[in-house]
1. Could you grab me the full set of residues in region 297-311 that are surrounded by 13 or more Cβ atoms within 10 Å (Cβ to Cβ) and not in a loop (DSSP other than H, G, I, E, B)?
2. Any residue at all in region 195-211 that's under 30 Å from ASP312 (Cβ atoms) and either out of contact with any helix residue (DSSP H, G or I) (no Cβ under 9 Å at 6 or more places or on another chain) or open to solvent by 10 Å² or more (accessible area, probe 1.4 Å) (or both)?
3. Please verify whether GLY263 is outside any strand (DSSP E or B), out of contact with any helix residue (DSSP H, G or I) (no Cβ under 8 Å at 6 or more places or on another chain) and at pLDDT 90 or above, treating the condition exactly as stated.
4. Restricting attention to region 125-147, which residues are in contact with a Leu (Cβ under 6 Å, 6 or more places away or on another chain) and either in a strand (DSSP E or B) or open to solvent by 30 Å² or more (accessible area, probe 1.4 Å) (or both)?
5. When only residues in region 576-606 that are β-branched (Val, Ile, Thr) and surrounded by fewer than 23 Cβ atoms within 10 Å (Cβ to Cβ) count, which is farthest from ILE75 (Cα to Cα)?
6. SER393 versus (1) open to solvent by 30 Å² or more (accessible area, probe 1.4 Å); (2) under 34 Å from the mean Cα position of the chain (by Cα): which is the lone unmet condition?
7. Across region 91-107, what is the total count of residues that are assigned to a helix (DSSP H, G or I) and loosely packed, with under 15 Cβ neighbours inside 10 Å?
8. So in region 455-468, with the set limited to residues that are assigned to a loop (DSSP other than H, G, I, E, B) and farther than 11 Å from GLN521 by Cα, which one is least open to solvent (accessible area, probe 1.4 Å)?
Amino acid sequence: MNQKREEGIALITVLLLLVLLMGIMVVTMNLTLSNVSQSGDSVQQSRTLAIAQGGRNFGQSLLQGHVGTKLSDAIVDLAASNTIGNAATWVFAPSQTGTTPPPLTVATNLRTLATNIQSRMNGRGCYGPFTVSGTQQFSLRISFTGQLPACDGQEASTAEIGTGRFISGATNSTQQYSLPYVMVVSAQDGLARRTLTVNGEYRFNVGNGSFARFALLTDAQQSGTSANIFFTSRTLFNGPVHTNGNFAFRDNPYFGGSVSSSGVTDRRTAGGYFSNTYRTCERYYGCYLATDSPFRTPSQLNPPSYGTTTPDFMNGVNWNAPPVDFPTNSNNQAAAAQAAGLYISSGTTVTLSVGNGESGTPMAGVKYQAINVGTTRYRSVENGPLYRWDGSSWVIATNSTGQPINRFNGVVYANGGLTSLKGPPRTTATPPVIPPAVASFSQLTIAANADIRITGDLKYEDNPCDGALRRNSDGTVNVPNCSSDPLIQKNVLGVYTSSGDIKIGAGHSTTSNLNVPKDVQIQATLMADSEVRVENAETVSCNAYGTAYVLGGVISRNYGQFGTFNRGDGSCSSGLGRSFTYDQRMLNGLAPPYFPTTQMTNLLVDRQVIQYGQTEQERR
């Protein structure tokens, strides 16, 4: 009995030990699972921090590029409406004459600027959500007013923000101001979320703007007081367009940037011509001649359409804009060339190309910009001298007073005209490769006081756009992706004549080297006191020359002719087609060196996005 009793006690003890061990195992397993879960949550929380920080960096890029273009547009529009002044005054205190502008006046006008910018931004400052990977994403809210928009499931809210202020500068000069901003970055990874609030200021410079800001600018758009140069469905612009005269429209032209006219030339009345029915024309300027093209005043253009003519004004239209005065000479460019550039005689040729310095030369192993003037060879390097080949070695070139040009300013001036301006020849491959003419670091202005003829491709090494502006077969418009940050892609070229035409060479039967190749690529801002036009536009073959692809802008007193089209079906009869794509960097203040400036207030290229600090608002 005692033995059985002892065995029973032993069995019960073993069973109790098993139950205890199983309990310990369950508790251990639960603790392990809990730790794994907590570890997973911790990993997700860590990832949300990385995502939020990446979103913050993306926001900084937006401020430099996309938001910078909105700032530029706002400044131009407020100056045009006399809400703010020009660089001859204190821009944000135009009625004041002291040695510095009054802080209260500046703050008030900068608040007006902030409100204007906010209305132009996507979703009034809402960007996203952007997917990083899987369930990882972030969104941004950017505000210059302290009013944060509803965005990505978040309600509208307010945030503390500082006061805008004057930093430095003088009247009749560059002035620097600061706008405070707040940026809220919301990040998530699955159920884990994190929100960062970033406070900072946007420091920007204003001054007299460059003509390079325009995609198209004319002093007189029509050749007389009646409409004969029409924008049609073939017309595509994605940058600022202005005339001191009157535009004429037919069908569905596309304008992705601001459009304005003054009505002080042409008909000398504010408004525009809108065609309802028309006859096609033989002579072509990017237009059709219309038979019933009634002139419409601003009061009749709300909305801005008439019959079947419905232009797409994606950024509005102003029929009463102040006129833009054209420069009367090129003295500034000539003086710059004589000081630290190239001053050359007329009737010569200029060829641009890019290379890498050979060993044994001053630019060994360094990229250079080649500028060949006739048979004389020059090279420049980034932030460095201008070199000239003397027949046996590269020496530093000298200016008009015999001083060495230790830092080339990028200006080439021809006292007279240029017979030929081009880049390097295309390769013989199929399709041919077009080598760059302008080095990635290079900023050039080719100027003259007579005609300049373009005879070849002029291509950037670092192209800011991934394609050309075009209309798709279904009627929609394909807008290329273009960089708007001039601090990232720096190469820029301006071509300017103060007394003549910029001619695109064509139709030279005995001197074929004066003709552009088919589908010529011209990546530059072109400005002429008379016209930008194609030579022999009414006689040369369309098939031989194709289309002129221009990346930049065209500024001229008169809208020049590129070709003619068939009276019946609108097909090309002679000359070159047009394809204009605006260089968005110009909206952010980029301009070729010493390019002519307007009396309009513009955002300049130098700016700083400063971050004071960040706080974490939420974590769960």
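The values are calculated or read from the model by the stated rules, or taken from the named source; none is laboratory data. Bear in mind the structure is a predicted one, so any value in this text is a computation, not a measurement. So basically every Cβ, Gly included, is an ideal-geometry build from the backbone, and we count neighbours across all protein chains shown. When the accessible area is computed, the model is the full protein with side chains, heavy atoms only, and any ligands, DNA or RNA have been set aside. Shrake-Rupley method; radii C 1.70, N 1.55, O 1.52, S 1.80 Å.
1. Step one: of region 297-311, the residues surrounded by 13 or more Cβ atoms within 10 Å (Cβ to Cβ) are 298, 300-301, 304-306, 308-311.
Scanning region 297-311 gives PRO298, GLN300, TYR306, THR309.
2. Yes, some residue in region 195-211 is under 30 Å from ASP312 (Cβ atoms) and either out of contact with any helix residue (DSSP H, G or I) (no Cβ under 9 Å at 6 or more places or on another chain) or open to solvent by 10 Å² or more (accessible area, probe 1.4 Å) (or both).
3. Judged against the criteria, GLY263 is a match.
4. First, the residues of region 125-147 that are in contact with a Leu (Cβ under 6 Å, 6 or more places away or on another chain): 127-128, 141, 144.
The answer is TYR127, GLY128, ARG141.
5. Going residue by residue through region 576-606, those that are β-branched (Val, Ile, Thr) are 581, 597-598, 601, 605.
Remaining after also requiring surrounded by fewer than 23 Cβ atoms within 10 Å (Cβ to Cβ): 597-598, 605.
Details: THR597: 16, THR598: 14, VAL605: 13 Å.
Among residues in region 576-606 that are β-branched (Val, Ile, Thr) and surrounded by fewer than 23 Cβ atoms within 10 Å (Cβ to Cβ), the one farthest from ILE75 (Cα to Cα) is THR597.
6. Against the list (1) open to solvent by 30 Å² or more (accessible area, probe 1.4 Å); (2) under 34 Å from the mean Cα position of the chain (by Cα), SER393 comes up short only on (2).
7. First, pick out the residues of region 91-107 that are assigned to a helix (DSSP H, G or I): 103-107.
With loosely packed, with under 15 Cβ neighbours inside 10 Å added as a condition, the list becomes 103-104.
The total comes to 2.
8. Initially, region 455-468 is screened for residues assigned to a loop (DSSP other than H, G, I, E, B), giving 455-457, 459, 461-464, 466-468.
From the residues that got through so far, the ones that are farther than 11 Å from GLN521 by Cα too are 461-464, 466-467.
Values: GLU461: 73, ASP462: 48, ASN463: 56, PRO464: 6, ASP466: 105, GLY467: 39 Å².
Selected residue: PRO464.
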